[in-house]
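Have a look at the structure below, then the notes.
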Amino acid sequence: MAKSTKKTETPLVIDARNLTKTYGKKRSEHKFTALKNVSLEIAQGESVAIIGKSGSGKSTLMHTLALLDKPTKGELYFAGQRIGKLGSRGLNRTRNRELGFVFQQFFMNANDTVLNNVTLPLVIAGRSFFTRRRRAMEALRAVGLEDKAKNKAKDLSGGQKQRVCIARALVNNPSVIFADEPTGNLDSATGAMVEKILFDLNRKQGITLIIVTHDEDIAAKCQRQVYLKDGEIVSDTKKSTKSAKTTKKTTAKKAPKKKTTAKKGKK
Amino acid sequence: MNLLDIIRTANSNLFRNKLRSLLTIIAIFVGSFTIILNNGINYGVNSYVDTQVANAGGQGYLEVIKTDHELGVNIQMGPSGPTEFDPDATPIFQRITQDDLETLRGVEGVQRAIGLPMVSARYIQSYENNKRFELSLQAFPSDRLNVDMISGRMVNNNRNALEIALAPDFAEALGYTDESVLGRQVRLGIRLQQLGDTTSAPEIIRHIDVTVVGVQNRSVVGMGANFINLTTANAIQDLMLSEIPEAFRPADDFMFAIVEVDEDATDEEIAVIQELLREKGFQAMTIAEQVGMVMSIFDAITTILNVFGAIALLAASIGIVNTLFMAVQERTKEIGLMKAMGLSSSKIFLMFSSEAIMLGFWGSVVGIIAASIARVVGNNIANNTFLADLPGFTLIEFSVPSTLSIVFLIMFIAFVAGTLPARRAARQNPIDALRYE
Ligand SMILES: Nc1ncnc2c1ncn2[C@@H]1O[C@H](COP(=O)(O)OP(=O)(O)OP(=O)(O)O)[C@@H](O)[C@H]1O
Ligand SMILES: [Mg+2]
């Protein structure tokens, strides 16, 4: 219960303090610092774009924030909990229940059905057969692909594949969705459709959205743009004129929902 | 992820690269088939012999020969090859004299000791159809032995009547049925022994009439012989020697003697009596020991075949390691994804281990199926050829517990082989795995 009190004090879903990530052995010549003293606070329901040139450390930052990788230095809090203290069970649990992932290269089991791909997080969570089906169908409906449930994943188009991945990211009701270049492999029309789905989720369900991208247009649709250069944050702009309106909307929606808190209470 | 999901995933992963899995399964199958079939034969033979030995009775029954040598499978062999002839040493086999029988009777625990006369007849002749048939004739050693009968009873050694228990098929050949032959007289043609060179002399045949008291079923104890009681055996022996003058008759001694001890004697008590007999220069063996001597050779063959099976399995487990390493390599991204989604390392380990166990499982299932087919075919061939005269002998028989334990053993071996690749999979870092090209 101490956790939930802490959460009310810190209504941040992600709180990164002075993250440094160095690849390679400490003294080795090949060592490379991909993140330098990065601090970032992200509130529940925000949409954040991480922008920068290739090699600037975007993916590295995302992986660290998504608890997939440990920072070399610095501290990371997720929903008020210090990640260093979580242990591998806690980490797995948090990733499974609180986070959703969408990757540029999709990462699906091509020979499996769409439905089975979407249920994977629920299977890992150990949900019952019926919950799996129901929630997966809901998620597929949310991305407009219910009629493809029985198809093999490899038979889908690129845009459909990415929508299946979004459904998969969505299926366990996460509080944050991380998307690494989600439209990178798509043409602009299908990319726009995928974008729309992601932003709708952010707006309507209050899911925090963290998008890694090259694309200034997508970045502009986010409430917040974090620019990375050589592993450092060079600018962090909130509420661009275009998203100022959406911010209001989101905060209005977000307040009564209090997603993370509600979920924690359920468990 | 619960256990069922893990097993289901492992199983479906197995069918993803069908050819590779199939080849590994075939490798396991070679080993499992060899071992399962081999044990099936061993079980079939052993259970037949066991029932035969159990049916043969023989409690408190010992067959005795007189020798100073340790009995081995091949009696003439010493520890280092054939025993050199020594004119001062006693021969390997000595005949058992009437005095010896007295000595045997004097041993503590021995209730009865008799010499078994060796007799033979030239033919058996029917009064019904007058046909004559060759036959092997044996004195029935002891009523402690049970011989399965089709009709009637076994001959009784305590009776003075001349009795015979026919071997299977004889009743019909003699013109009767197995039932109608009971109580009938049959004629035995006995060839008399003559002095001197008898090869050119005409045979002298005398007849002796005996009463049929029963017809035997086929059995290991019976071995297809026609049994007569001791009264008949002695009468035949007297008849055989009747042409030889008293002075030239061979001594009244025997190759074998039968010793009976308490029917309820335990194995330990019998061992004590055997030791007492050994001290006096006799080797005594129970039915089980005689059978055991043959069975020990058979068991050795089984063991060797099992070693071949084990070697095949060893090769197969290297195949499992190889297959799974390839699978881990192929599925690097998938493993990364599942880990990113919160699947624990221990479950990844379990998933790949289950895959290995599945390979073992399917390999042994295919082995069981193939062995079952081999069993039907093999038994069919055996029953029509070399086992035709031994009804109730199924050459290949499977025992459920031993087959199951072979399956579990193979699954365990597969698991052990799988731990190496499974550990590599479990140790993968999700990020490295996702970035893997
Ligand atoms: N495992 C690693 N070992 C060594 N260096 C690494 C490793 N992963 C990433 N790097 C380096 O860290 C830097 C940042 O990489 P990162 O993948 O975060 O870049 P990015 O901003 O996502 O680039 P892109 O837009 O091309 O995806 C790069 O210079 C890369 O070479
Ligand atoms: Mg990147």
- Looking only at region B:21-41, which residues are touching a helix residue (DSSP H, G or I) at 6+ places or on another chain (Cβ under 6 Å) and either over 17 Å from residue B:407 (Cα atoms) or of a type in the set (D, E, K, R) (or both)? B:21
- Does at least one position in region A:80-90 carry a residue that is within 19 Å of the chain's Cα centre (by Cα), within 15 Å of ligand 1 (Cβ to nearest atom) and modelled with pLDDT of 90 or more? no
- Looking only at region B:383-405, decide whether some residue is away from chain A (no Cβ under 14 Å), free of Cβ contacts under 8 Å to residues at least 40 places away in the same chain and touching a Ser or Thr at 6+ places or on another chain (Cβ under 9 Å). yes
- Item | Qualifying residues in region A:162-198 (those that are more than 16 Å from ligand 1 (Cβ to nearest atom), touching a strand residue (DSSP E or B) at 6+ places or on another chain (Cβ under 7 Å) and among the hydrophobic types (A, V, I, L, M, F, W, C)) - the one farthest from the other protein chains (Cβ to nearest Cβ) | A:198
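Of all residues being in contact with a Pro (Cβ under 7 Å, 6 or more places away or on another chain) and outside any loop (DSSP other than H, G, I, E, B) in region A:162-193, which is modelled with the lowest pLDDT? Just the residue, please.
Step one: filter region A:162-193 for residues in contact with a Pro (Cβ under 7 Å, 6 or more places away or on another chain), giving A:162, A:168, A:171-172.
Those left that are additionally outside any loop (DSSP other than H, G, I, E, B): A:162, A:168.
Details: A:162: 91, A:168: 94.
Result: A:162.
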- Message: Go through region A:47-76 and report how many residues are open to solvent by less than 30 Å² (accessible area, probe 1.4 Å), over 12 Å from the mean Cα position of the chain (by Cα) and away from chain B (no Cβ under 13 Å).
- Response: 6
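Open to solvent by less than 40 Å² (accessible area, probe 1.4 Å), under 27 Å from the mean Cα position of the chain (by Cα) and not polar (S, T, N, Q): is that true of residue B:81 in this structure?
Numbers: open to solvent by less than 40 Å² (accessible area, probe 1.4 Å): yes; under 27 Å from the mean Cα position of the chain (by Cα): no; not polar (S, T, N, Q): yes.
No; evaluated as a whole, the condition is false for this residue.
Does residue B:175 satisfy the criteria of being of a type in the set (Gly, Ala, Ser), part of a strand (DSSP E or B) and open to solvent by less than 70 Å² (accessible area, probe 1.4 Å)?
On the way: of a type in the set (Gly, Ala, Ser): yes; part of a strand (DSSP E or B): no; open to solvent by less than 70 Å² (accessible area, probe 1.4 Å): yes.
No; evaluated as a whole, the condition is false for this residue.
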- Message: Please pick out the residue among A:228, A:198, A:209 that is modelled with pLDDT of 85 or more and farther than 30 Å from residue A:33 by Cβ.
- Response: A:198
- Candidates A:49, A:43, A:34 - the one that is at pLDDT 90 or above and within 13 Å of ligand 2 (Cβ to nearest atom): A:34
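Considering only residues that are more than 9 Å from chain A (Cβ to nearest Cβ) and among the hydroxyl-bearing types (Ser, Thr, Tyr), look in region B:337-363 and name the one that is farthest from the chain's Cα centre (by Cα).
In the first step, residues of region B:337-363 are kept if they are more than 9 Å from chain A (Cβ to nearest Cβ); the result is B:346, B:348-363.
Subsequent filtering for residues that are among the hydroxyl-bearing types (Ser, Thr, Tyr) retains B:346, B:353-354.
Details: B:346: 48, B:353: 40, B:354: 39 Å.
If we take residues in region B:337-363 being more than 9 Å from chain A (Cβ to nearest Cβ) and among the hydroxyl-bearing types (Ser, Thr, Tyr), then B:346 is farthest from the chain's Cα centre (by Cα).
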- Taking into account only those residues within region A:52-71 that are assigned to a loop (DSSP other than H, G, I, E, B) and more than 10 Å from ligand 2 (Cβ to nearest atom), which is farthest from residue A:14 (Cα to Cα)? A:53
- Query: Looking at (1) over 30 Å from residue A:32 (Cβ atoms); (2) at pLDDT 90 or above, can you tell me which one residue A:235 breaks?
  - Reply: (1)
- Find all pairs meeting these conditions: Cβ atoms under 6 angstrom apart; at least six residues apart or on different chains; first residue within region A:45-65 and more than 22 Å from residue A:201 (Cα to Cα); second residue within 7 Å of ligand 1 (Cβ to nearest atom) and assigned to a helix (DSSP H, G or I). A:52/A:58
- Message: Among the residues of region A:129-150, are any buried (at least 19 other Cβ atoms within 10 Å of the Cβ), under 19 Å from residue A:173 (Cα atoms) and of a type in the set (Lys, Arg)?
- Response: yes
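In region B:227-267, what residues are assigned to a loop (DSSP other than H, G, I, E, B) and within 34 Å of the chain's Cα centre (by Cα)? If you could, list the steps in order and put the result at the bottom.
Within region B:227-267, the subset assigned to a loop (DSSP other than H, G, I, E, B) is B:229, B:241-245, B:249-253, B:255-256, B:262-266.
Result: B:229, B:253, B:255, B:256, B:262, B:263, B:264, B:265, B:266.
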- Restricted to region A:91-109, and to residues that are more than 7 Å from every other protein chain (Cβ to nearest Cβ) and in a helix (DSSP H, G or I), which residue is farthest from residue A:198 (Cα to Cα)? A:91
- Item | Index of the failed condition, residue B:325 passing every other in (1) within 11 Å of another protein chain (Cβ to nearest Cβ); (2) open to solvent by 50 Å² or more (accessible area, probe 1.4 Å); (3) of a type outside the set (A, V, I, L, M) | (1)
- Query: Looking at B:28, B:7, B:41, which one is open to solvent by less than 10 Å² (accessible area, probe 1.4 Å) and farther than 30 Å from residue B:278 by Cβ?
  - Reply: B:28
- Message: Looking at region A:80-104, I want the residues that are over 12 Å from residue B:339 (Cα atoms) and have a partner that is in a helix (DSSP H, G or I) and polar (S, T, N, Q) with Cβ atoms under 8 Å, at least 6 apart or on another chain. Which pairs are those?
- Response: A:81/A:94; A:86/A:94; A:98/A:260; A:102/A:162
- Message: Return the pair list, or none, for Cβ contacts closer than 7 Å from residues in region B:103-120 that are in contact (Cβ under 8 Å) with a residue 12 or more places away in the chain to residues that are of a type in the set (S, T, N, Q), at least 6 apart or on different chains.
- Response: B:117/B:234; B:117/B:237; B:119/B:237
- For region A:88-115, which residues satisfy the criterion of being more than 16 Å from ligand 2 (Cβ to nearest atom) and more than 20 Å from residue A:70 (Cα to Cα)? A:108, A:109, A:110, A:111, A:112, A:113, A:114, A:115
- State the number of residues belonging to region A:32-46 that are among the small types (Gly, Ala, Ser) and within 14 Å of chain B (Cβ to nearest Cβ). 1
- Item | Failed condition for residue B:223, given (1) farther than 30 Å from residue B:111 by Cα; (2) open to solvent by 40 Å² or more (accessible area, probe 1.4 Å); (3) not polar (S, T, N, Q) | (1)
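The values are calculated or read from the model by the stated rules, or taken from the named source; none is laboratory data. Because the structure is a prediction, the values reported are computed rather than measured. Note that we place each Cβ from the backbone using ideal geometry, even for glycine, and neighbour counts take in every protein chain shown. We work out accessible area using only protein heavy atoms, side chains counted, and drop any ligands, DNA or RNA first. Shrake-Rupley method; radii C 1.70, N 1.55, O 1.52, S 1.80 Å.
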